Amino acid sequence: MVGNPSLGIISGLLVIQAQSPQWGAEEIISTCIWLTGVTILGTLSSYRIDPPRYCESVGYESDNLEVQELLRSSVDSQNWRSDKVKGDPISMRQAFNFAWPIFKKHFGLFTAVLLTIFGAWVMLEIVVIAGQRFGILLWAVAHLAFLIFLAGMEVGFLQICLALSDGGEPKFFDTFAHVSLGPKFLAGQVLYLLLVVIGLLLLVVPGVYLAVGYALFGFCLAAGETNLARSFQHSAILSTGAKPYLLWIFVVLLVLNVFGASLLGLGLFITVPLSVLIMTSVYRQLSARGRVDSSAISSG
């Protein structure tokens, strides 16, 4: 039951309905959103943490004692067997233990960002409908402008999450601090999509391999990599030896966000920020592992 989010949520709703038949749609939707968080915690809790890599990731220059204490708590609550976890490059428990408290603390910030994106989409639709007499040219220009703006906000969203992982306190307007990266990030998204589609056409497996290997290029770009090609190369390096773990994470997060979208879209206000924060922790863990491996090679 714990390993299957859908079964856990459906069972919870059946119990609630049996005990409280007078509940309306609003109470049911609110309960669905709450159960989403609870269920994903249960799903992710089945993973083990690698203490050595965990301790290294805690030291990624974070001055926020609260964040560090949250990360330590997941180690103190377990009896570890180092021979079992030595090969695990990613700790999902650590990722969720970081993401969930940060999400709750900054829920207003994430909601404001998502509402801004929604507002930009509404403006796009208004422009397209009002300018139908101008034909396909206005439609193309409006959509391109929207996609560039959206890509810029996505970079800002990633940078906010990276700042939170470092103990910072980003503000809403930080989302627009690097809108100029929108065209480059959009080009990266198009390239990523082309690679994945071409790979899927080649017997599926190459597409999955490329999708997982290059999935972190956005974080690399948001973290300061100015060259798009190098951000793809950096993502490929970070994913080395961790692709099965990343694939499982992506599947879980995809199911989570599909479920959030099914709740009239309201669940996305939880699932989208939570997913990005989890991936932020994953990116930090893999980056820390890369530093450890480089240090080992240098000392050797």
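Couple of notes before you dig in:
- Count - residues of segment 121-137 that are small (Gly, Ala, Ser) and assigned to a helix (DSSP H, G or I): 1
- Selection within segment 166-211 - closer than 23 Å to residue 225 by Cβ and among the basic types (Lys, Arg): 184
- Any hit, segment 172-194, residues being free of Cβ contacts under 8 Å to residues at least 24 places away in the same chain, of a type outside the set (A, V, I, L, M, F, W, C), within 22 Å of residue 116 (Cβ to Cβ) and buried (at least 16 other Cβ atoms within 10 Å of the Cβ): yes
- Qualifying residue in segment 217-230 (condition: modelled with pLDDT of 95 or more and touching a His at 6+ places or on another chain (Cβ under 6 Å)): yes
- Any chance residue 221 is under 20 Å from the mean Cα position of the chain (by Cα), outside any helix (DSSP H, G or I) and not aromatic (Phe, Trp, Tyr): no
- Where a residue in segment 246-270 is more than 17 Å from residue 90 (Cβ to Cβ) and its partner, wherever it lies, is outside any helix (DSSP H, G or I), with Cβ under 7 Å and at least six apart: 259/267; 260/267; 261/267
- Restricting 110, 157, 118 to those that are under 19 Å from the mean Cα position of the chain (by Cα), outside any loop (DSSP other than H, G, I, E, B) and surrounded by fewer than 14 Cβ atoms within 10 Å (Cβ to Cβ) reduces the list to 118.
- Which listed residue, of 103, 107, is modelled with pLDDT of 95 or more and out of contact with any helix residue (DSSP H, G or I) (no Cβ under 6 Å at 6 or more places or on another chain): 107
- If you check 169, 154 for being free of Cβ contacts under 8 Å to residues at least 12 places away in the same chain and among the acidic types (Asp, Glu), only one passes: 169.
- Taken together, the criteria exclude residue 74 from residues that are polar (S, T, N, Q), more than 16 Å from residue 167 (Cα to Cα), surrounded by 18 or more Cβ atoms within 10 Å (Cβ to Cβ) and at pLDDT 50 or above.
The values are calculated or read from the model by the stated rules, or taken from the named source; none is laboratory data. It should be emphasised that the depicted structure is a prediction, and the values quoted were computed from it without experimental measurement. Ideal geometry is used to build each Cβ from the backbone, glycine not excepted, and the neighbour counts take in all protein chains shown.
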